[in-house]
Structure formats: structure tokens, C-alpha cells
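Student: I have a structure I would like to understand better, so I am pasting it below and will then ask my questions one at a time.
The values are calculated or read from the model by the stated rules, or taken from the named source; none is laboratory data. Note that the structure is a prediction, hence the values are computed from the model and not measured. Note that each Cβ is placed from the backbone with ideal geometry, even for glycine, and that neighbours are counted across all protein chains shown. Only protein heavy atoms, including side chains, enter the accessible area calculation; ligands, DNA and RNA are left aside. Shrake-Rupley method; radii C 1.70, N 1.55, O 1.52, S 1.80 Å.
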Amino acid sequence: MQYRDYGKTGKKVSLLGFGGMRFAEVDNHDKCVEMMVHAARSGVNYFDTAPGYFETRSETVYGKGLAELRRQGLPYYVATKTFQSEESEIRKEIEASLKRLDVPTIDFYHIWCVMSHEGWKERKNNGVIKTFQKLKEEKLINHICVSTHMVQNNITELFTEPVFEGVLFGYSAYNFKTREMAFDVVQQKNLGAVIMNPLGGGLIPNNPELCRFLLKKDEECNKENAVKAALHFLWDHKPLSVALVGFSNKEEIDLALSAVETYKPRTDEELAAAKAKASKSFEGVCTGCSYCDDCPQKIPIPKFMDAYNRKILGETNQDIYNQLKWHWSLSPEIAGTCTQCGSCESACTQHLNIIERLEYIAKNQPK
Ligand code: SF4
Ligand code: SF4
């Protein structure tokens, strides 16, 4: 395993981090603990979770996993998050997190998922910064961090807040163009930088051709090579501390570990050349992160957007409908029930025009 500095904190973190949002069997504690131990034995020392993952069950299983790591003398740092911004609510949440995680202190505590400039202003007005500072003084947390899906100037503005020691943001081989400016602030402020969604929530493993631009000419464009290339691409960003992969099973851990083993850094010039080759077709792809999935009309938006990805990836209307019908067992008519309330678009991490896409699906059904 290779390690990098987490900003100015003095902590060394593993290039590969363990994300607790995708366990295939979260209630099978033995299996999940085994996965955590397997990763830690291979040198992974950054473990990220959140109370919202599997309705707190990710934190619960982390509590068991971390206890086992301690028992086996395996070092780790634990990261979790809160959506709350008022002191009493944050205190309630952190108390519950500490109890579930079975630790006295959270190493990296995140102000979770800042989605907009206005949202950040509101959380600040509610006193979130002051409360986090108090938690640090009380040694309930070690480092104050923030996570966001914002892009462009919004992300750089957020990261310049003096209080942050580390940041967590979505970044990958297909959406780097709208977020790469974040690394300038990370570097200037010497922040810890953790990347989430490095494989686009399954999009890269399922569409290896998305990473064709990162592969050598003679390299086969398959799932294994694409995953390795996508992770290598991320690690080539020197200010990055950790690429966080949400693991479903042990095989996925092994694939990511083999990416670490085969990693040979590119120079900055080589990275720039690789980026210049990136296909335009990545723009506008839905990552399946599901942050939009709270439609008052009960439209399963991520599934519809997954089907619409076929269009973005150059496939036909028939492919969109095949994906809806055969993969998701959904009828395209459901897309027509959208009332255009807009709440999904404000929540979308990729800033996609969901309403327009649903309209397209509803109106362009193949005969
Ligand atoms: S805009 Fe349409 S799809 Fe989005 S949340 Fe509102 S009703 Fe649902
Ligand atoms: S539409 Fe946006 S928020 Fe919804 S799953 Fe896709 S990328 Fe995520």
C-alpha cells in the first residue's frame, strides 16, 4: 500500500479508502467485518461511512469491524458525517454515531453533502462551524471536514473556508472537467483531499469503454483494466490523499488492491495529455448516486437516468427502452407523470437536466 499526507494533519492515509455505502449484505456482519479486515490487512487505513448509509446500519457494522481491527492491532482512521447544522441536532447525531461506531473520537467528521451556495450559507447561519469547533475542543472529533457534490466556482469557494482541514468530493475519469479546479484550493491550503464516486457508482466498471482514453493502444478495454486505469488516473493527481471506493464484496476489494499494486505514477505532463484525450461523451452522464431519488411522484429517477445514459453513450432510443424494460422492469409512461417540480434537479450531484430527459423518454418511445 502507498500512503499520502492528509493535508497538514500529520496523518498518513492509504491511497485506497474503504467506503461503507455499498455492502452487498450489510446485515451479514461477519461478512462485512471480514471485508474490512481483509482491506486493513492489505494496508487500507481510511474507513468512511455515514449515518445515512443503509439507515445507520453501515455505522453499526463499522462498529463491529473497527473493534476487530483494534483486536488484531490493525491501524485505521474513521470518517463519518452529519447533515445537521444546529448544535442540539449535531450533538444528538454524533452521540449516536460514536455509540454505533464504538469509538470515543471520530478522526474525520464531515459537514455532509453541501449541495449549494445557499445551503452552505444556511448551515453556517445555524452555527455549524462553531459547533464543529466545540466538538474538536471536546476531542469528540479530530478534524473538521466537508463533503460536497458542487462543481466549478461553487466548490472552490466552499473549500476556501478557513475552518476545513479536509474535503471530500466526487471526482472521476469522466467528470473531472467540472471539478478539477478544486485541487488548486486543496494545494494552496494544503487540505486533505478524499475522492468519492471514483468509479462513477458502477458506471465505469459497467462501461469500460468510458476509460478507453486512459488505456494503452494494445490494452484490452475490459472491466478490470478500466477500473485500474480509472483509479490510476485519480492517484496521478498529487494533491489527492485517498480515493474512496464503496465495496460490495471481497472481489471488488481485490480488484482495487491490484490497482494499487500496479500503480506507476504519470508525470504532470502525461496526466495533462491523458486528460486532453478524454472523450466529450462523458459529459452529462448520470452516476447513479441516487441523491435525486425522492420524487413526490414516486418516479424512480436514477433508474430512468441510467437508461438515458444509453443515449449519452451514443446508443439508440431502442436501447433506452430495452434498459428500462428488461433491466429495470419499468414502463416509459412513468416518465410522463413528472410535474416538473424541480426538486430532483436541485438535488442532482451532476447538475443534470432530469426533467428534459424524462420528457424525452416519455415522448420518444420506439414504435
Ligand atoms: S421534477 Fe419531476 S421527476 Fe423531478 S422530483 Fe419533481 S416530479 Fe419528480
Ligand atoms: S440524476 Fe443526478 S442525483 Fe440522480 S442518480 Fe443521476 S447523477 Fe445522481
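Student: Among rounded, prolate and oblate, which fits region 273-354 when a ≥ b ≥ c are the square roots of the eigenvalues of its C-alpha gyration tensor, a/c under 1.5 means rounded, and a/b larger than b/c means prolate? Let's see the in-between values first.
Tutor: Values: a/c = 2.52, a/b = 1.35, b/c = 1.86.
Oblate shape, in that a/c is at least 1.5 and b/c is the bigger or equal ratio.
Student: Another question, then. Give me the percent of DSSP beta bridges within the chain that run antiparallel, rounded to the nearest 5. Write out the running numbers ahead of the final one.
Tutor: On the way: 3 of 33 bridges.
Expressed as a percentage, antiparallel bridges in the chain total about 10.
Student: Quick one: among Leu214, Leu66, Leu313, which has the greatest mean-square fluctuation in a GNM of the chain with alpha-carbon springs under 10 angstrom?
Tutor: Leu313
Student: Another one. Which of Val151, Val167, Val103 ends up with the largest GNM mean-square fluctuation for the chain, with Cα atoms connected below 10 Å?
Tutor: Val103
Student: Just the number, please: carbon plus sulfur as a percent of the accessible area of region 280-367, 1.4 Å probe, no ligands or DNA/RNA counted. Please report the intermediate quantities before stating the final value.
Tutor: Working: 2270 of 4660 Å².
Ligands and nucleic acids excluded, carbon and sulfur give 49 percent.
Student: While we're here: I want to check the label-to-label distance for Lys238 and Ser116. Put each point 7 Å from Cα in the C-beta direction and report it in nm to one decimal.
Tutor: 3.8
Student: Carbon and sulfur atoms: what percent of the 1.4 Å accessible area of region 3-279 do they account for?
Tutor: Values: 5600 of 11600 Å².
For region 3-279, the apolar C and S fraction of the accessible surface comes to 48 percent.
Student: Further question: Separation between the Leu271 and Glu95 pseudo-spin-labels, each 7 Å from Cα along Cα→Cβ, expressed in nm?
Tutor: Label at Leu271, label at Glu95, 4.4 nm between them.
Student: So, one more: Among Tyr62, Tyr76, what's the order by accessible area (1.4 angstrom probe), most exposed first? Provide the component values of the computation, followed by the final result.
Tutor: On the way: Tyr62 0, Tyr76 45 Å².
Descending accessible area places them as Tyr76, Tyr62.
Student: Compute the separation of the alpha-carbon centres of region 207-268 and region 284-359 and state it in Å as a whole number.
Tutor: Going from one Cα centre to the other spans 27 Å.
Student: Calculated FRET efficiency, Gln2 and Lys325, Cβ-Cβ r, R0 51 Å, to nearest 0.05? Can you show the working numbers first?
Tutor: Details: r = 45 Å, r/R0 = 0.88.
Result of the calculation: an efficiency of 0.70.
Student: Turning to a different aspect of this structure: Among rounded, prolate and oblate, which fits region 58-137 when a ≥ b ≥ c are the square roots of the eigenvalues of its C-alpha gyration tensor, a/c under 1.5 means rounded, and a/b larger than b/c means prolate?
Tutor: Values: a/c = 2.56, a/b = 2.27, b/c = 1.13.
Prolate is the answer for region 58-137, as a/c is 1.5 or above and a/b outweighs b/c.
Student: Keeping every protein chain present and rolling a 1.4 Å probe, give me the accessible area per residue for the chain in Å².
Tutor: Details: 16400 Å² over 367 residues.
For the chain, the per-residue accessible area is 45 Å².
Student: Quick one: if you stick a label point 7 Å off each Cα along the C-beta vector at Ile355 and Ser258, how many nm between them?
Tutor: Going from the Ile355 label point to the Ser258 one covers 4.6 nm.
Student: What's the center-to-center distance, using Cα atoms, between region 45-121 and region 161-193 in Å?
Tutor: Centre-to-centre (Cα) distance: 21 Å.
Student: Considering only Asn45, Asn317, Asn142, give the residue with the highest GNM mean-square fluctuation for the chain, with springs between Cα atoms whenever their separation is below 10 Å.
Tutor: In this elastic network of the chain, the residue with the biggest mean-square fluctuation among Asn45, Asn317, Asn142 is Asn317.
Student: Counting only Cα, what are the radius of gyration and maximum Cα-Cα distance Dmax of the chain, in Å?
Tutor: Spelled out, the Cα radius of gyration and Dmax of the chain are 20.3, 65 Å.
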